[in-house]
Every structure is written in C-alpha cells, then in structure tokens.
Amino acid sequence: MAYNTKRIALIGILGALTVISLILAIILPTGKLSFYCLSSFFISIIIIEYRVTAGWLFFFTTNLLAYVVIPDKVAIIPYTAFFSIYGIVKYYAEMIKNTVLEFTIKYAFFNACLVLALFLADKLFAGINELSYPLGAFIIILQVVFFIYDYVYTMVINYYKYRLRNFLVK
C-alpha cells in the first residue's frame, strides 16, 4: 500500500514539475529552450523507477495536462513533438547496446522532429524565410546542439541514479 502511495505521489510531483517548467518556458522571455529541456528530464525518472510503461503513461498524461492547463497551445507543440517523448526514445535506443545504432536512432528521431518543425515553421508561420543564417548552417548547428543535449541528458540521468535517487526514493 505504501509503495503505491509513494508511486502516485512521485508521478504527480514530477508531472506538476513538468507542467510548471512548460509554463515557465512560455511565460519567461529568455531561457525557453532550457525550460523545455528541463521538462524532458522528468520522464526518465519515471522510467528508471517504474519501467517504460509508466513512462508512456506519464507521456500521455503530461501532454494532456499541458494542453488543458496552458492557454498557449502552439507553445506546447515542441514539448509534445520532441521533449516529452525523447526520454522514451533514448531508453529504447540505449537498450540496443550498439553505439552506432543507438546514435542512428536518436539522430533519426531528432531529424524527423527537425523536418517537422521546419515544415510547420515554413507553412504555418512563414518562419524559414526569416532566418539570418543559411538553412544548412542552421541544421548543422542544431546537430551539435542535439549532441550536447543528449550528453547532458545522460549526465542528468546518471546524477539521479547515483546521487539523488537514494534521497528521493527509498
């Protein structure tokens, strides 16, 4: 009984932190990407503690909650399309134990999301024409940024597993 109570409490707290970080990403004028990244880390804690099926449930509930609570629905699209599910993609990719295939899957997912974002920016918001850099340079820079994001994501997971976990979940 106590296990289920702790489980529900942890999932609820992490879900609330996810929505709060999304609200901060939308409201604050700077640091938007940082708060989107922060919102993506919480699903990994759920996967570590309660397996990937709980991660999928967390993915659906936090997305639903974000669309119910946050008035700016367009600003939630980056979270829904990439940040909310990246922890699950990372989990499945790293289960393979083949570094080349692992990075191929991660980059395929990232680039599919990037193509979707560029398409939406071009068709819905007419944003591609306003880039101050050539599109090719922009894409290359984003590949490097994604590599750094994945590395930091791994560091956050390891910090949780080997330092914070003992204090938060007993």
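The values are calculated or read from the model by the stated rules, or taken from the named source; none is laboratory data. Here the structure is a predicted model, which is why all the values come from computation and not from measurement. Don't worry about glycine lacking a Cβ; one is built from the backbone with ideal geometry, like all the others, and counts go over all protein chains shown. The protein model used for the area step is the full one, side chains on, heavy atoms only, and it has no ligands, DNA or RNA in it. Shrake-Rupley method; radii C 1.70, N 1.55, O 1.52, S 1.80 Å.
From the list 48, 43, 20, the lone residue that is under 16 Å from residue 66 (Cβ atoms), touching a residue at least 24 places away in the same chain (Cβ under 8 Å) and among the aliphatic types (A, V, I, L, M) is 43.
For segment 1-39, enumerate the residues that are within 15 Å of residue 82 (Cβ to Cβ) and aromatic (Phe, Trp, Tyr). Those that are within 15 Å of residue 82 (Cβ to Cβ) and aromatic (Phe, Trp, Tyr): 35, 36.
Taken together, 104, 62 contain a single residue that is among the hydroxyl-bearing types (Ser, Thr, Tyr), at pLDDT 95 or above and under 12 Å from the mean Cα position of the chain (by Cα), which is 62. Scanning segment 1-49 for residues being open to solvent by less than 20 Å² (accessible area, probe 1.4 Å) and not aliphatic (A, V, I, L, M) gives a total of 6.
Which of the residues that make up segment 83-108 are aliphatic (A, V, I, L, M), within 16 Å of residue 62 (Cβ to Cβ) and open to solvent by less than 20 Å² (accessible area, probe 1.4 Å)? Walk me through how you get there before you give the answer.
At the first step, the residues of segment 83-108 found to be aliphatic (A, V, I, L, M) are 85, 88-89, 93, 95-96, 100-101, 105, 108.
Next cut, within 16 Å of residue 62 (Cβ to Cβ) only: 85, 88-89.
Hit for segment 83-108 is 88, nothing else.
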